[in-house]
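Report on one structure; see the data block that follows.
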Amino acid sequence: MPEAASLLIVDDDRFVREFLKDAIAGVPVEIREAGNGAEALARVEEAAPKVVLLDLMMPEMSGLEVLRALREKAPGCRVVVISSMDSELLIAEALANGAHGFIGKPFHPDEIASAVQEALSS
Amino acid sequence: MTSSTGDYWIRDVDGRVLGPVSYPVLRDLCSARRLVGVTHVSRDGKSWRTLQELPELATLLETPETAQLQQEQQAEAVRLRTQLRAAASAPAHLIFKVAENAPLQTYRQAYFALARRFHPSRLEPTTHPDLVAASREAFAFFSKRMSEVEARIAPPTSPIPPVARVGPPAGPPPTLTPAPPVAPVLTPVPPAAARNPVPPPATLRTPPPPPADVISRPVTGASTWTPPPPADPVLNRVRITPAGTPPPPVRSSAFSTPPPGGNVYRPEDFVGIERRSAERLHANIRVTPTSYRMFTDHALVNISNSGLFISTPDLIPVGSLLDMELTFEGDNRTISARARVVWESNGADGKHERGMGLKLTRVDKQDLAFIKDFVRKAAMAGTR
């Protein structure tokens, strides 16, 4: 049986992490979590996730900084940004910095599941 | 942090940072009312100043005239309701501005963009009540029409929707494209704030309130628990809402079995803009040699998967966290645990009682072993 792809959830809000885990419960991925940017980069080295769900606004290291670091550390990793900071210019900036997709808040669990499935299959 | 292409970092009341971003991005965020809760700004990611201390930001943050804003919001509410009335009989593909034979996922993407725009969490606490009500009507309208689309073209059982393209190369990501205008009869109403892109400094720290019908408040007092009534010897009936608070309305959830005809979308099914970490409620649950079946009787949630089902009139949204004190009668033992609502039943199907399925997300291993042992012994005693 092929090994399940790894997915990393990066959000400092535990509630959101739990919600995201529920949202993708039906997707065959091995889920890992990180509560901040530094932890996220460490997890990426450990597990080489295929998909990262990334919050943009976090303590210490912002999601944009994580995004740029991921582009260097794990260029093949598909990062889906999830943020309430969904102004058009910021979305464009995130995509220009290597984000695979952007989901604004409030979001519905179906959107997350769809985005993860798409990222895994692309 | 190291400076790169951007010029600014911003920080909110919780110490969360966004940056580096350019001034146009910052201005765009301000116009889109996304700086609520942001208190400080930095040019190097290290030294911080209040937003008002930077002259170029102070102009963005000027407080609009409240009376004028309220008048505009009232007028906007009238306009929105007029558009909704005009759209009432329009076919779904025109409302969602998609091709008539578009796949379900295309409809969903269009719907989610509209739902995001009119979701209650998008509104400021000071928004005029007329606009709040009109936005709720808009959300309900689009949700109803989406449910109708689902009923028409959704596969019978589809827990995971079809694949969506979210990246830029092969199609619009969910939110890269601005929420599509609702054509032809409904034109988008910009958020009130967008026309007055100036968040009042005094209210920057205040997050928007949760929708009134969502339990999002922390429990401030001791929660109550009522023992199982005589007519219900099997399951405890747990009260979760603090005494004196009316129970929330009945609802299903995104994780419940979709009703015949497709999904039902409600504001509480969305994760909003406000931070919800504090949304934990508390319940005291007494486990007896008869009520142990809360851990065994439900196929979806039982102790084999660290789950249980509690019978309660007080349903809370799926995904909510619940802190519990489980008191085991006869063993003089109380276990503290945290659970997440993973399923709920409003009791209308005649198969399940009104209540919620929970998954224990934080419980000591020894405590979990004790629960399993208690359940095993109770079950054995029950079969004698």
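Read the figures in this text as sums done on the coordinates, not as results from a lab. Model, not experiment: these values are computed from the prediction. With ideal geometry, Cβ positions are generated from the backbone for all residues, glycine too; neighbour counts draw on all protein chains shown.
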Stokes-Einstein diffusion coefficient for the range B:4-135 at 10 °C in a medium of 1.306 mPa s, Rh from the Kirkwood formula over Cα pairs: what value in µm²/s? 90 µm²/s
Run lengths n ≥ 4 of DSSP H only: what is the helix-derived mean residue ellipticity at 222 nm for chain A, with -39500 (n - 2.57) per run over all residues, to the nearest 500? -13500 deg cm²/dmol
For the range B:291-384, alpha-carbon Rg and Dmax in angstrom: 13.2, 39
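Quote to one decimal, in nm, the extra length available between B:Arg79 and B:Tyr23 on full extension: 0.36 nm per residue of separation minus the C-alpha distance between them. Walk me through the numbers on the way to the answer.
Numbers: separation 56, 0.36 × 56 = 20.16 nm, distance 3.30 nm.
Roughly 16.9 nm would be gained on extension.
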Taking every pair of alpha-carbon atoms in the range A:43-106, what share in percent sits in each 10 Å bin, from 0 to the bin with the longest distance? 23, 58, 18, 1
Partner lysines for B:Lys97 [C-alpha distance under 19 Å; skip if fewer than 8 residues away on the same chain]: B:Lys144
Please list, ordered by chain and number, the residues whose modelled amide H lies under 5 Å from the amide H of A:Ile82; skip anything fewer than 5 residues away on the same chain. A:Leu54, A:Asp55, A:Leu56, A:Ile103
How big is the convex hull of the Cα atoms of the range B:7-70, per residue, in Å³? 86 Å³
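At a Förster radius of 30 Å, what calculated FRET efficiency corresponds to the Cβ-Cβ distance of A:Ala38 and B:Gln366, to the nearest 0.05? Each step should come with its number before you reach the end.
On the way: r = 32 Å, r/R0 = 1.08.
It comes to 0.40.
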B:Ala86-B:Ala58 FRET efficiency (beta carbon distance; Förster radius 35 Å; 0.05 resolution): 0.25
Taking chain A as a Gaussian network, Cα atoms linked when under 10 Å apart, which of A:Asp110, A:Asp86, A:Asp11 shows the biggest mean-square fluctuation? A:Asp110
For the range A:1-69, take every pair of Cα atoms, bin their distances at 10 Å starting from 0, and report each bin as a whole percent. 22, 54, 22, 2
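In square nanometres and to one decimal, what's the mean projected area of the convex hull around the Cα atoms of chain A? List each step's numbers first, then the result.
On the way: hull surface 27.5 nm².
The directionally averaged projection comes out at 6.9 nm².
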